[in-house]
Every structure is written in C-alpha cells, then in structure tokens.
Amino acid sequence: MKKIILLVLATYSLMANTLPQRIETTIKSIHRDTIQLAQNVPAGMSGLIVHDYGNGLSAITHSVISTQNGNAKILPYRAILHENIPTVKTEAKVNDKVILGNFYNNALLIAPNEQIYSNITKRFHKTWIHPDAYALQFMSEEASEISLSSLQKFAIKNQIGLVLIATQTELLILDPISKKFLGQKQINETATKAMKPFFSRFEQMDVSNFGFSKIKLKAYYTAIQDLKQ
C-alpha cells in the first residue's frame, strides 16, 4: 500500500511540474488564412507548417498560431531573420505537417530575485536562456518595464518558445510569439526582495539613480500586473 501511495504522489508531482509540450498534427482543411487541424489543440500556441516535397526534401513554409476549436491562423514564417535566406513561396496544403510549440524546450524565466529564479529553474527541465540576455536588449531599448512586444522580439531572435513569469502566488506561462498566456501554476515562493525591473546579474540596471537617464524603471510586481492586463 505504501508503494502505491508513493507512486501516486510521484506521478502527481511529475504532472504538477509539467509545462506545455510540443504537439505534432496535420492540416485537415484550409480556408484563406485559417487552417483546421487534424486534432484539437490549446489556443495561443505558436508553431510552424512543414511541407514535404518528396525525395527526402521538406521545408518550413509558414508560421501558425492556434486559435479556438482546433483552428490555427497562418502567418509568414519569421523565426529566421536574414536577408540572404530566400523566402519559401509554397502555399500551405492539406496534410502538411503542423508543429506547435516547436521551441517550447527553450525557455526564459522572469523572476524577482536570484533565489526564486534558482528554485523555479531547478523544478522544470528546460534549456534556460538566462535573463541577462534579455536584460541587454531591455537596456538597449531604454525600456522602463517589461512588455509583450519586447518579449516577442527577444523570443523570435533567440528561438525561445516559452516565457515563465513569477508573480507572488503563481507562475504565468506565456507563449511570447503569440503573446498569449497559456496558463498558470501555483507556486510557494515568497520574495523578500524584488529586483527592478527583474532579476539579472547586472547589479544596477536603474541608471536613473545616477542621473545618466531619465527613465524610471517600474517596480517588478507592478510591471508584471500591468503585463497581464
């Protein structure tokens, strides 16, 4: 009996620590820029369409974002931004492969301090992109707060599929490409101190205190609350 209880608890713990996963399906039908998928998937997932040309040749032709009732919107493929790479002109076709969450193994965590960052990244098995990289973009843009557009730009450039954002009571799960929140998980992480605008290893991002800039960084939890609205 004890073994059964331990197995159930271990299974529950594993399920509790899971995040949205990659889903592979196909196109069932097409109507203009909307496709019907062969299976129902959660709304807000970003992904791509792959066309098989035969003879072992295939290529990514479009990006997609899942909507409601097993549908998805077709968008130009933009994960690789380079003027010397030609754009694939192939139209989406029925039975083309659709991969949603293709970059979901790559994740960025926005947290209030180093301790909470460490605790959460140890909980989930992901390829973690350190927030230092996002902090560099943040400072170069002279931003005052985190924004969905800024996260989307960073995610496209660095092929990041998920952004996790720690609040005082939960962990928000964001697909930065679609700019849609996919869900949340309860966390038991109390921050005694929150860095402004978010945790990074740059000790002083708020240079306005030294008179170098007129930009006033918004407090962490205030900025996160605004992000959800």
### Summary
For 70-76, 163-169, 173-179, ranked highest to lowest by mean beta-carbon neighbours within 10 Å, the order is 173-179, 163-169, 70-76
### Query
Exposure proxy check: 220, 53 ranked by fewest other beta carbons within 10 Å?
53, 220
## Note on the structure
Among 93/185; 89/228; 28/180; 93/179, the pairs whose Cα-Cα distance exceeds 32 Å are 93/185; 89/228
### Query
What's the local net charge at residue 189, with K and R +1, D and E -1, over the other residues with C-beta under 13 Å away?
+2
### Packing-based exposure ordering (other Cβ within 10 Å, fewest first) of 130, 125, 31, 62
31, 125, 130, 62
### Task
Please order 29, 147 by the number of other Cβ within 10 Å, starting at the fewest.
29, 147
### Query
Hey, what does the equivalent ellipsoid look like for segment 106-228, semi-axes from the Cα gyration tensor as sqrt of 5 times each eigenvalue, largest first, whole Å?
22, 17, 13
### Message
If you wrap a convex hull around the alpha carbons of segment 91-177, what volume per residue comes out, as a whole number of Å³?
### Response
122 Å³
### Task
Using only the alpha carbons, work out the radius of gyration and Dmax of segment 23-100 in angstrom.
12.1, 38
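Rule-based calculations on the coordinates, nothing more; no lab input. Only a predicted model underlies this, so the values are computations on that prediction, with no experimental measurement involved. Methodologically, a virtual Cβ is constructed for each residue, glycine included, from the backbone with ideal geometry; neighbour enumeration extends over all protein chains shown.
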